[in-house]
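Colleague: Here it is: the structure, laid out below.
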Amino acid sequence: MAHPSPEKPAVLLVDDRADKSLALQCILEPLGYELLSASSGEEALRLLLSRKFNLVLLDVNMPELDGFQTADLIRQRETLKELPIIFVSADVSEERLQKGYELGAVDFIRMPINATVLRARVSTFIALHRRTEQLEKANSELSEVNQQMQSFLYTVSHDLRAPLRSINSFSKILLEEHYASLDEAGQDLVKRIASSGIRMDKLLSDLLHYSRLTRWEFNLAPIDLATVIKGVCENVREEIKAVHAKVEVQEQWPTVNGNEVLLEQCMCNLLTNALKFVAKGAVPEVKIWAESKGGKIRIFVQDNGIGISPEYHERIYGVFERLHANHAYPGTGIGLAIVRKAVERMNGRTGVESSLGGGSRFWIELPKG
Ligand code: ADP
């Protein structure tokens, strides 16, 4: 059987009477679709499984398999679940309509047929069906590209670390054993190689960590926020001390649904940022608390730091997105990307309220535990 060009929608007309089928063809011809006929439910099914159609016009009254039984069989096929079916019938009583819609009909056309109505309905459903198909296709292409990107990211970050390790070990040996024998320019160069190597390794390990987040399988369970926050403050204790920060933490904590390891990582990233992004000489003041609203818990980390202009509030969540030079505020630009991805994987949301110079309030929202 010759296949039509994919641009031309195809309609299947199912009627046991050749004269009625011909009449339908004459009415639909001006729409420019490909029109095929089947004279029984069995033949219709065979055709539907052999090639692609965008719509079926199904006569209800047919001997052997009637229109309803045929529709029932069509809907049982996974690939035909979304195919629009329009019934054609002289009897459009309430009972028949209900039965038809239950079987997955999108519409009924009453006999005798009004040509204008039929053309309008057929073209509307074809347009809808094609749009849905295009959307589904775009969606599946996107998720495939996304998956390829993730595995590319993983391979790159993983494989680049091996040669980098050699560079780092050799520059370490140069620094430790041959430094004195180099002239001043040579010493400066080897120091730069060593520090760039360390930075590169940090970038790659953060990137690897980020890409692992996508693949990691974990369970969601109720977690006690008090334990998580306590653990985070414990982990960051040295950094807090080093900058003499004041960190105020709420006493009572609710339970959320999530993953403890991921949430600890997120809170740690937010807290270290709050300690880091302060004006030179300023003492960081950080507040951490939670609010409950409609089945969700929102955890806030607020600082008195340099703040972020609203046009960057979304951008900073991207991988490698940073608003400052590394020498002013060191970092890799992956911390917030990890927060966003991890929170999404826990079925939550994250965001920030901030203005330039006015401090920031980062939040994570998760379902109640
Ligand atoms: P990193 O901290 O390694 O730079 P992040 O992904 O954690 O990377 O943050 C991205 C950028 O967002 C930072 O470089 C900074 O410009 C901005 N940012 C994050 N947290 C804060 C904060 N608390 N105050 C001001 N700016 C922030």
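Colleague: Name the pairs: first residue in the stretch 318-343 and more than 13 Å from Ser211 (Cα to Cα), second residue assigned to a loop (DSSP other than H, G, I, E, B) and of a type in the set (Lys, Arg), Cβ to Cβ under 7 Å, at least 6 apart or on different chains?
Modeller: Once the first residue is more than 13 Å from Ser211 (Cα to Cα) and sits in the stretch 318-343, its partners that are assigned to a loop (DSSP other than H, G, I, E, B) and of a type in the set (Lys, Arg) give Gly331/Arg322; Gly333/Arg322.
Colleague: If you take the residues in the stretch 298-337 that are under 23 Å from Thr255 (Cβ atoms) and open to solvent by less than 20 Å² (accessible area, probe 1.4 Å), which one is farthest from the ligand (Cβ to nearest atom)?
Modeller: Per the stated criteria, the residue is Ile299.
Colleague: Of (1) more than 7 Å from the ligand (Cβ to nearest atom); (2) free of Cβ contacts under 8 Å to residues at least 24 places away in the same chain; (3) under 30 Å from Glu217 (Cβ atoms); (4) open to solvent by 50 Å² or more (accessible area, probe 1.4 Å), Glu291 satisfies all except one. Which?
Modeller: Every condition holds for Glu291 apart from (3).
Colleague: Next question, about the same structure. Report yes if some residue within the stretch 345-361 is open to solvent by 40 Å² or more (accessible area, probe 1.4 Å), among the polar types (S, T, N, Q), under 18 Å from Ala245 (Cα atoms) and touching a strand residue (DSSP E or B) at 6+ places or on another chain (Cβ under 6 Å); otherwise report no.
Modeller: The answer is no; no qualifying residue exists.
Colleague: Pick from Arg161, Arg192: which is open to solvent by 80 Å² or more (accessible area, probe 1.4 Å) and part of a helix (DSSP H, G or I)?
Modeller: Values: Arg161 fails: open to solvent by 80 Å² or more (accessible area, probe 1.4 Å).
Answer to the selection: Arg192.
Colleague: Moving on. Identify all residues within the stretch 243-268 that are in a helix (DSSP H, G or I), open to solvent by 20 Å² or more (accessible area, probe 1.4 Å) and either within 16 Å of the ligand (Cβ to nearest atom) or closer than 15 Å to Ile338 by Cβ (or both); write none if there are none.
Modeller: Val261, Glu264, Gln265, Cys268
Colleague: Considering only the stretch 118-147, state which residues are among the basic types (Lys, Arg) and either over 26 Å from Asp107 (Cβ atoms) or open to solvent by less than 90 Å² (accessible area, probe 1.4 Å) (or both). Working first, answer last.
Modeller: Step one: of the stretch 118-147, the residues among the basic types (Lys, Arg) are 119, 121, 130-131, 137.
Hits for the stretch 118-147 are Arg119, Arg121, Arg130.
Colleague: Of all residues in the stretch 269-281 being within 12 Å of the ligand (Cβ to nearest atom) and of a type in the set (Gly, Ala, Ser), which is nearest to the chain's Cα centre (by Cα)?
Modeller: As a first pass, look at the stretch 269-281 and keep what is within 12 Å of the ligand (Cβ to nearest atom): 269-279.
In the following step, the residues that additionally are of a type in the set (Gly, Ala, Ser) were identified as 274, 279.
Details: Ala274: 28, Ala279: 36 Å.
Of everything passing the filter in the stretch 269-281, Ala274 is nearest to the chain's Cα centre (by Cα).
Colleague: Where residues in the stretch 15-44 are over 11 Å from Arg119 (Cβ atoms) and of a type in the set (Asp, Glu), which of them is most open to solvent (accessible area, probe 1.4 Å)?
Modeller: The selected residue is Asp19.
Colleague: Do we find that Arg345 is basic (Lys, Arg) and either more than 25 Å from Leu203 (Cβ to Cβ) or away from the ligand (no atom under 12 Å from the Cβ) (or both) in this structure?
Modeller: yes
Colleague: Please work out which one of (1) free of Cβ contacts under 8 Å to residues at least 24 places away in the same chain; (2) within 25 Å of the chain's Cα centre (by Cα); (3) more than 10 Å from the ligand (Cβ to nearest atom) is the condition Glu365 fails and give its number.
Modeller: Glu365 satisfies all of (1) free of Cβ contacts under 8 Å to residues at least 24 places away in the same chain; (2) within 25 Å of the chain's Cα centre (by Cα); (3) more than 10 Å from the ligand (Cβ to nearest atom) except (1).
Colleague: Please indicate, with yes or no, whether at least one residue in the stretch 81-104 is at positive phi, surrounded by 12 or more Cβ atoms within 10 Å (Cβ to Cβ) and not β-branched (Val, Ile, Thr). If you could, list the steps in order and put the result at the bottom.
Modeller: Taking the stretch 81-104 as the starting set, the residues that turn out to be at positive phi are 104.
Within this subset, residues satisfying the condition of being surrounded by 12 or more Cβ atoms within 10 Å (Cβ to Cβ) are 104.
Subsequent filtering for residues that are not β-branched (Val, Ile, Thr) retains 104.
Yes: one or more hits.
The values are calculated or read from the model by the stated rules, or taken from the named source; none is laboratory data. Bear in mind the structure is a predicted one, so any value in this text is a computation, not a measurement. Using ideal geometry, Cβ is built from the backbone for each residue, glycine included, and neighbour counts are taken over all protein chains shown. Quick note on the areas: whole protein, heavy atoms, side chains included, nothing else; ligands and nucleic acids left out. Shrake-Rupley method; radii C 1.70, N 1.55, O 1.52, S 1.80 Å.
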